[in-house]
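J.: Let me give you the structure first, and then I'll get to my questions.
The values are calculated or read from the model by the stated rules, or taken from the named source; none is laboratory data. On a predicted model such as this, the values are computed, not experimentally measured, just so you know. Every residue, glycine as well, gets a Cβ built from its backbone with ideal geometry; the counts of neighbours run over all protein chains shown.
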Amino acid sequence: MFDIGRVRLRPLRKEDLTFLEKWENTREVTLYARGDPIVFKNSQEIEREFEEDLENDDKQNFIVEMRDDGKDIGIAHYKKRSGAVRNADIGTYIGDKNYWNQGIGKEITLGLCEMLFYHKNFDRLSAWSSSFNKRSHKVLKKVGFKKSGRARKSGYLFGKRIDWLMFDLLREEYMSNREACLENILGEKKVEYENSQCKLTVESE
């Protein structure tokens, strides 16, 4: 498990799939969460994907829960790419709409960056977002991602062809701005988080 700010990232378990079935059949969630908006999934499809991911060492799925009451609110994941550079694609969504517009998405994305850059020494992270998903763009930019590509008119939504945007972040960019990023996003919880990381470092030695 990985605690940061108000959230905890823990490995996805089979009993969590009921949450996924609910979230991934909610129109607003699928609209802003996924590469293919408004594509609904039944329980068999969700379970099949879960079983396939268990066999894939390059992908890790997390349930996002609130630390104060343990409520499950969303998903975070990363998938490693092959090659000499340690590179991964990341994705997140908040499935419980009661937790939208509270800055929690930034904490989840920051958690993935801390996990992959600070602890696992990845070289580069990338994320894709539809051109209309301004909220996602703001979250990524707040953590330091930069828009680095555009797949023009590569999808359909509301009867129109839409673009997909790629954002990326290099390890050296993140690490040079890490302290300010932790301060801006975690606020008063920054000290608590840093103390927990110091404790982990001591325990691992």
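J.: Answer yes or no: is there a residue in region 17-37 that is under 29 Å from A180 (Cβ atoms) and either surrounded by 13 or more Cβ atoms within 10 Å (Cβ to Cβ) or charged (D, E, K, R) (or both). Give the steps one after another, and end with the answer.
T.: Looking only at region 17-37, we keep the residues that are under 29 Å from A180 (Cβ atoms), and these are 32-33.
Filter once more, keeping what is either surrounded by 13 or more Cβ atoms within 10 Å (Cβ to Cβ) or charged (D, E, K, R) (or both): 32-33.
Within region 17-37, one or more residues are under 29 Å from A180 (Cβ atoms) and either surrounded by 13 or more Cβ atoms within 10 Å (Cβ to Cβ) or charged (D, E, K, R) (or both).
Condition check ((1) over 25 Å from C181 (Cβ atoms); (2) in contact with a Leu (Cβ under 8 Å, 6 or more places away or on another chain); (3) surrounded by 16 or more Cβ atoms within 10 Å (Cβ to Cβ); (4) among the polar types (S, T, N, Q)) across all residues:
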residue	(1), (2), (3), (4)
T92	no, yes, yes, yes
N101	no, no, no, yes
L110	no, yes, yes, no
M115	no, yes, yes, no
G144	no, yes, yes, no
G149	no, yes, no, no
F158	yes, no, no, no
M166	no, no, yes, no
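J.: Still on this structure, please answer the following. Would you be able to say whether some residue in region 145-165 is closer than 21 Å to W100 by Cβ, modelled with pLDDT of 90 or more, touching a strand residue (DSSP E or B) at 6+ places or on another chain (Cβ under 9 Å) and of a type in the set (S, T, N, Q)? Step through it out loud before you land on a result.
T.: So in region 145-165, the residues closer than 21 Å to W100 by Cβ come out as 145, 157-158, 165.
Narrowing the set further to residues that are modelled with pLDDT of 90 or more leaves 145, 165.
Keeping just the survivors that are touching a strand residue (DSSP E or B) at 6+ places or on another chain (Cβ under 9 Å) gives 145, 165.
If we keep only those that are of a type in the set (S, T, N, Q) too, we end up with none.
Within region 145-165 (the criterion being closer than 21 Å to W100 by Cβ, modelled with pLDDT of 90 or more, touching a strand residue (DSSP E or B) at 6+ places or on another chain (Cβ under 9 Å) and of a type in the set (S, T, N, Q)), the answer is no, since none of the residues qualifies.
J.: Within region 75-109, which residues are touching a helix residue (DSSP H, G or I) at 6+ places or on another chain (Cβ under 7 Å), in a strand (DSSP E or B) and not β-branched (V, I, T)?
T.: A76, Y78, A88, Y93
J.: Oh, and also: I'd like the residue in region 60-74 that is over 12 Å from the mean Cα position of the chain (by Cα) and in a strand (DSSP E or B) and, out of all such residues, is surrounded by the most Cβ atoms within 10 Å (Cβ to Cβ).
T.: For region 60-74, the residue satisfying everything is I73.
J.: Suppose we filter region 11-35 for residues that are within 20 Å of I90 (Cβ to Cβ) and not aromatic (F, W, Y); how many remain?
T.: From region 11-35, those within 20 Å of I90 (Cβ to Cβ) are 11-12, 16, 19-20, 23-24, 29-35; that's our starting set.
Remaining after also requiring not aromatic (F, W, Y): 11-12, 16, 20, 24, 29-31, 33-35.
Of the residues in region 11-35, 11 are within 20 Å of I90 (Cβ to Cβ) and not aromatic (F, W, Y).
J.: Please go through (1) among the aliphatic types (A, V, I, L, M); (2) touching a strand residue (DSSP E or B) at 6+ places or on another chain (Cβ under 7 Å); (3) touching a residue at least 40 places away in the same chain (Cβ under 8 Å); (4) within 30 Å of N195 (Cβ to Cβ) for M1 and return the number of the only condition it doesn't satisfy.
T.: (3)
J.: If you go through region 180-187 one residue at a time, do you hit one that is over 16 Å from the mean Cα position of the chain (by Cα), more than 18 Å from H119 (Cα to Cα), surrounded by fewer than 17 Cβ atoms within 10 Å (Cβ to Cβ) and polar (S, T, N, Q)?
T.: Within region 180-187 (the criterion being over 16 Å from the mean Cα position of the chain (by Cα), more than 18 Å from H119 (Cα to Cα), surrounded by fewer than 17 Cβ atoms within 10 Å (Cβ to Cβ) and polar (S, T, N, Q)), the answer is yes, since at least one residue qualifies.
J.: Taking region 15-34 as the region of interest, how many residues are within 14 Å of E45 (Cα to Cα) and polar (S, T, N, Q)?
T.: Of the residues in that region, 2 qualify.
J.: Which fully enclosed strands (runs of 3 or more DSSP E) of region 111-186 have 1 or more residues being among the polar types (S, T, N, Q) and either touching a residue at least 12 places away in the same chain (Cβ under 8 Å) or at positive phi (or both)? Lay out the reasoning, then the answer.
T.: Working: elements: 124-130, 146-157, 160-170.
Result: 124-130, 146-157.
J.: Out of (1) at pLDDT 95 or above; (2) assigned to a helix (DSSP H, G or I); (3) of a type in the set (A, V, I, L, M), the odd one out for L31 is which?
T.: For L31, the failing item is (1).
J.: Quick check on my filter: what residues within region 126-142 are within 21 Å of E183 (Cα to Cα) and crowded, with 17+ Cβ neighbours inside 10 Å?
T.: Correct list: S136, H137, V139, L140.
J.: Just name the residue that is modelled with the lowest pLDDT out of those in region 77-135 that are of a type in the set (S, T, N, Q) and within 14 Å of the chain's Cα centre (by Cα). Show your work before the answer.
T.: As a first pass, look at region 77-135 and keep what is of a type in the set (S, T, N, Q): 82, 87, 92, 98, 101-102, 109, 121, 126, 129-131, 133.
From what's left, within 14 Å of the chain's Cα centre (by Cα): 92, 109, 126, 129.
Working: T92: 93, T109: 97, S126: 96, S129: 89.
Per the criteria, the residue is S129.
J.: Consider only pairs whose beta carbons are under 7 Å apart and that are at least six residues apart or on different chains; among these, list those whose first residue lies in region 68-81 and is at negative phi and among the small types (G, A, S) and whose second residue is assigned to a strand (DSSP E or B) and loosely packed, with under 12 Cβ neighbours inside 10 Å.
T.: Note: no pairs meet the criteria.
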